[in-house]
4 protein chains.
Amino acid sequence: MTTIKVTVWNEYRHEKTNPQVAEIYPEGIHGAIAGHLRTAGELDVSTATLDEPEHGLTDEVLDRTDVLIWWGHLAHGDVRDDIADKVRERVLQGMGLIVLHSGHGSKVFERLLGTRTGALKWRDDGERERLWVIEHGHPIVDGLGDYIDIPKEEMYGERFEIPAPDELVLISWFEGGEVFRSGCCYRRGKGKLFYFRPGHETFPVYHHPQVLQVIHNAVKWAAPTRGATVSYGRIASGSLNGGQ
Amino acid sequence: MTTIKVTVWNEYRHEKTNPQVAEIYPEGIHGAIAGHLRTAGELDVSTATLDEPEHGLTDEVLDRTDVLIWWGHLAHGDVRDDIADKVRERVLQGMGLIVLHSGHGSKVFERLLGTRTGALKWRDDGERERLWVIEHGHPIVDGLGDYIDIPKEEMYGERFEIPAPDELVLISWFEGGEVFRSGCCYRRGKGKLFYFRPGHETFPVYHHPQVLQVIHNAVKWAAPTRGATVSYGRIASGSLNGGQ
Amino acid sequence: MTTIKVTVWNEYRHEKTNPQVAEIYPEGIHGAIAGHLRTAGELDVSTATLDEPEHGLTDEVLDRTDVLIWWGHLAHGDVRDDIADKVRERVLQGMGLIVLHSGHGSKVFERLLGTRTGALKWRDDGERERLWVIEHGHPIVDGLGDYIDIPKEEMYGERFEIPAPDELVLISWFEGGEVFRSGCCYRRGKGKLFYFRPGHETFPVYHHPQVLQVIHNAVKWAAPTRGATVSYGRIASGSLNGGQ
Amino acid sequence: MTTIKVTVWNEYRHEKTNPQVAEIYPEGIHGAIAGHLRTAGELDVSTATLDEPEHGLTDEVLDRTDVLIWWGHLAHGDVRDDIADKVRERVLQGMGLIVLHSGHGSKVFERLLGTRTGALKWRDDGERERLWVIEHGHPIVDGLGDYIDIPKEEMYGERFEIPAPDELVLISWFEGGEVFRSGCCYRRGKGKLFYFRPGHETFPVYHHPQVLQVIHNAVKWAAPTRGATVSYGRIASGSLNGGQ
């Protein structure tokens, strides 16, 4: 098995302006996630952030990215259109994409799914979340039990405007009375997408062992497969006898 | 629009032996549901129960059934195999089927879906349930708001061993900490199935206006469509020029 | 049943410049389709074309459109971004959309589905197409037999870069050796989309009775349902006891 | 990566009575498939056949089977009900299952999917089949091009009475005018199923390199994953604070 090359992208603004967030994530949300993935072996992990040139997502960076992890919130509007489009294109060509938490409202996620993915209910009162396993044979939940328990989280509630997931792997229960489709798999073009809900910046969610485990599992799931080589465009008739 | 012919089938055992159930449903669960559907106009509603000859599901009855509603619990094992198979066959030929609550463990449901549909978590402590709308454009939720609120219900929790629904329309939240896929649409053969979770016999769930409304909506959704007329078996080559 | 308001949108360029197309569709492709739908009763049918102000798709027009039919080919790039976005928004709010043939490459379709929907194989040699019914209980194939036979058509072949359809209703066979997912249903936001493949401008495909019948069926399928009224945004905790 | 244990099951009747089949498959269809898989490394391959005691599918055999491959045709009715049920149960518990060609009519396949999976069109005139890749990012098509070309095959045509696949990976084109969903993935319980169409006994289909490659790919795809450990049955309330 070849090493999977992961780039963890973070907006990285909250950490610079909110001391509470900085305390939880002294090296940024990207740093926390990347730090964990590095311990996992088998992965080659880099990071990139919004305020780097080209948001840290140059062609060179994307060329060595098998799976991109995306966290954004405040500054979805600051992401350049051309870079959002480039990321979308890469996913359709086979790059894996893991969108975390408030990344649901990002240009990248919305352009890949087509619906107004920013639309949902929310409340950031720090309430208990339980993510229940729906498809227990799925590799993304490898090693879990019946559920993941998170003591304090921002709530997201349905109706969430996404296309019905190709595979719905986790559903969240919230203390205050809501539910949410929290682990959603999509196949788009040659690539795979996973949306994973947990991760509000003011709670130490990316230090939770099982949340990190799901992200690690998702990286392995989303990594490109060789697949088939297909072509597009005009093709001649009578190619029937030609095999491939 | 032609009148839809509905048959409400009930095991009808709890009501005869448990005074609490008898008080809530003096005419049986089937009577409560059928009574409501009759007020809805447009429907021609009958009932059938387990202890009638052939469980009340003779060929004549099924011939005049567009949509069958199924409630069972204690006595799944008393349903004759040949009758369960006959109902399955009818669904595959186009009859609509609405399976309610503990009907998830019935022979009919299990044989149509193929998995061990009896497998789930449960607790009958009478806790609050909220059914959240996931697909708000679906006709089965016509007239609802964000959710249905049921003050006291039996809990069903995931993992529920069903095939991923073709359309997941409602997800339940339970006071005690669980979630459940509570409104599940399937297309099987030429027929449509809807699984709808609410309905424990010791709570007046089938007197709840919105629960009854969803059942009414589901009857209209599950009613057979004309569709296409397809054939099976050996067909000749060269039929290409023949049109249909 | 209330009357469904249909707007048939056509690029309407081929008909003005190619005498062969003008002869087949003297009143335009939109005129042929609208003409048929008007004979069907129950429908209130208008047309709109690219070169009208705002492409004929003003707010007033869209306000009285339940289902929009879209045919485009040469001039996808001439459709204004803001109008494509407005149409997308309307679909997500509940308007039905039927995308025909080369409309697969339109801004509207691509933005709603998120993938590069222009990518497929093609050959316009006028070969036989057979559209096989896959889901014979679906209302979109009401009244058909095993298949629709079209003597001369442009070929479209897989791989077609679309998200897996929520319901795959028709698959095409082509004389030259290809297959295609030709009848694809999607639920997006509160709206429904149907992609229907037939319709090259140089063949009289929109005079074919069964092709017109499928379009008519699709209009009825895609028409908005009342559905549920859901809300988005911040919601208070403790709203649990309030019902709706 | 641990070695995957594969059992190739074959009815093994045609080979004993039809010299034409015996010539193509001197060691049986199971022998041809097992022979190829053994060369692939990484796999531990056994075979089992209908006329062995318990059809060769004792508990001991199934205990050391990660993925079961199934070929049957003439003698579906000779498979014992209890053994078909046992295999179904194993799949729901996580064993992978690959059903080949005429195995579509087997008890095992029908009981796992719930529909009358024997229903389809067919013609055994030895015509050309082309299997087109629909999901080119799927591991089951690893290493293919646009399609697989088989010069002589039995035709299977739609309408095929299966539930809509969770993932539709391949669609066949047939010389005589038909199409077929030929590569169908299902997740059922904790297990994965793959239906793969090619394989009529009177043609050397299981000597075709790409057909064998897809079977090999499918073995790797269908192999059990650890997944999550879930529980069923009554659970106590207030377990909310207990983690897992």
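Checked against (1) open to solvent by less than 10 Å² (accessible area, probe 1.4 Å); (2) in contact with a Phe, Trp or Tyr (Cβ under 8 Å, 6 or more places away or on another chain), residue B:146 meets all criteria but (1).
Given the structure, is residue C:98 more than 7 Å from every other protein chain (Cβ to nearest Cβ), part of a strand (DSSP E or B) and over 16 Å from the mean Cα position of the chain (by Cα)? So residue C:98 does not fit the description; no. One residue stands out in the stretch A:113-161 among those that are more than 14 Å from residue A:184 (Cβ to Cβ) and of a type in the set (A, V, I, L, M): the one that is farthest from the other protein chains (Cβ to nearest Cβ), namely A:150. If you go through the stretch C:129-139 and keep only what is closer than 19 Å to residue C:212 by Cβ and either outside any strand (DSSP E or B) or among the charged types (D, E, K, R) (or both), you end up with C:129, C:130, C:138, C:139.
Filtered by the rule that a residue be over 20 Å from residue D:13 (Cα atoms), of a type outside the set (A, V, I, L, M) and touching an Asp or Glu at 6+ places or on another chain (Cβ under 9 Å), the stretch D:95-122 gives D:96, D:111, D:114, D:115, D:116, D:117, D:121, D:122. For the stretch B:45-59, state whether one or more residues are open to solvent by 10 Å² or more (accessible area, probe 1.4 Å), among the hydroxyl-bearing types (Ser, Thr, Tyr), at pLDDT 95 or above and in a helix (DSSP H, G or I). So far as the stretch B:45-59 goes, no, none of its residues is open to solvent by 10 Å² or more (accessible area, probe 1.4 Å), among the hydroxyl-bearing types (Ser, Thr, Tyr), at pLDDT 95 or above and in a helix (DSSP H, G or I). Scanning the stretch A:222-243 for residues that are open to solvent by less than 10 Å² (accessible area, probe 1.4 Å), assigned to a loop (DSSP other than H, G, I, E, B) and either within 9 Å of another protein chain (Cβ to nearest Cβ) or more than 16 Å from residue A:97 (Cα to Cα) (or both) turns up at least one hit. Counting the residues of the stretch D:140-160 that are in contact (Cβ under 8 Å) with a residue 40 or more places away in the chain, within 15 Å of residue C:171 (Cβ to Cβ) and not in a strand (DSSP E or B) gives 2.
Go through the stretch B:35-55 and report how many residues are within 17 Å of residue B:103 (Cα to Cα) and hydrophobic (A, V, I, L, M, F, W, C).
Within the stretch B:35-55, residues that are within 17 Å of residue B:103 (Cα to Cα) and hydrophobic (A, V, I, L, M, F, W, C) number 2.
In summary, strands (runs of 3 or more DSSP E) completely within the stretch B:162-202 and bearing 2 or more residues that are touching a Phe, Trp or Tyr at 6+ places or on another chain (Cβ under 8 Å), at the interface with another protein chain (Cβ under 7 Å from one of its Cβ atoms) and crowded, with 24+ Cβ neighbours inside 10 Å occur at B:167-174.
Test residue B:67 against the stated conditions and say whether it is closer than 17 Å to residue B:218 by Cβ and open to solvent by less than 20 Å² (accessible area, probe 1.4 Å). Spelling it out, residue B:67 is indeed closer than 17 Å to residue B:218 by Cβ and open to solvent by less than 20 Å² (accessible area, probe 1.4 Å). Per the conditions (1) out of contact with any helix residue (DSSP H, G or I) (no Cβ under 7 Å at 6 or more places or on another chain); (2) modelled with pLDDT of 95 or more, the sole criterion not satisfied by residue B:124 is (2).
Does the stretch B:72-91 contain any residue that is outside any helix (DSSP H, G or I) and surrounded by 21 or more Cβ atoms within 10 Å (Cβ to Cβ)? So far as the stretch B:72-91 goes, yes, one or more of its residues are outside any helix (DSSP H, G or I) and surrounded by 21 or more Cβ atoms within 10 Å (Cβ to Cβ). For the stretch D:119-141, indicate whether the set of residues that are surrounded by fewer than 21 Cβ atoms within 10 Å (Cβ to Cβ), touching a Gly at 6+ places or on another chain (Cβ under 8 Å) and hydrophobic (A, V, I, L, M, F, W, C) is non-empty. Looking for residues that are surrounded by fewer than 21 Cβ atoms within 10 Å (Cβ to Cβ), touching a Gly at 6+ places or on another chain (Cβ under 8 Å) and hydrophobic (A, V, I, L, M, F, W, C), one finds at least one in the stretch D:119-141, hence yes.
Counting the residues of the stretch D:1-19 that are surrounded by fewer than 22 Cβ atoms within 10 Å (Cβ to Cβ), in contact with a helix residue (DSSP H, G or I) (Cβ under 9 Å, 6 or more places away or on another chain) and in a helix (DSSP H, G or I) gives 1. The residue list A:28, A:41, A:35, A:96 contains one member that is open to solvent by less than 60 Å² (accessible area, probe 1.4 Å) and under 23 Å from residue C:163 (Cβ atoms), which is A:96. Among the residues making up the stretch D:203-221, those that are of a type in the set (A, V, I, L, M, F, W, C), open to solvent by 10 Å² or more (accessible area, probe 1.4 Å) and out of contact with any Pro (no Cβ under 7 Å at 6 or more places or on another chain) are D:203, D:212.
The values are calculated or read from the model by the stated rules, or taken from the named source; none is laboratory data. Given the structure is predicted, the values throughout are model-derived calculations rather than measurements. Cβ coordinates were reconstructed from backbone atoms using ideal geometry, including for glycine residues, and neighbour counts include every protein chain displayed. Just the protein is used for accessible areas: all its heavy atoms, side chains included, with ligands, DNA and RNA removed. Shrake-Rupley method; radii C 1.70, N 1.55, O 1.52, S 1.80 Å.
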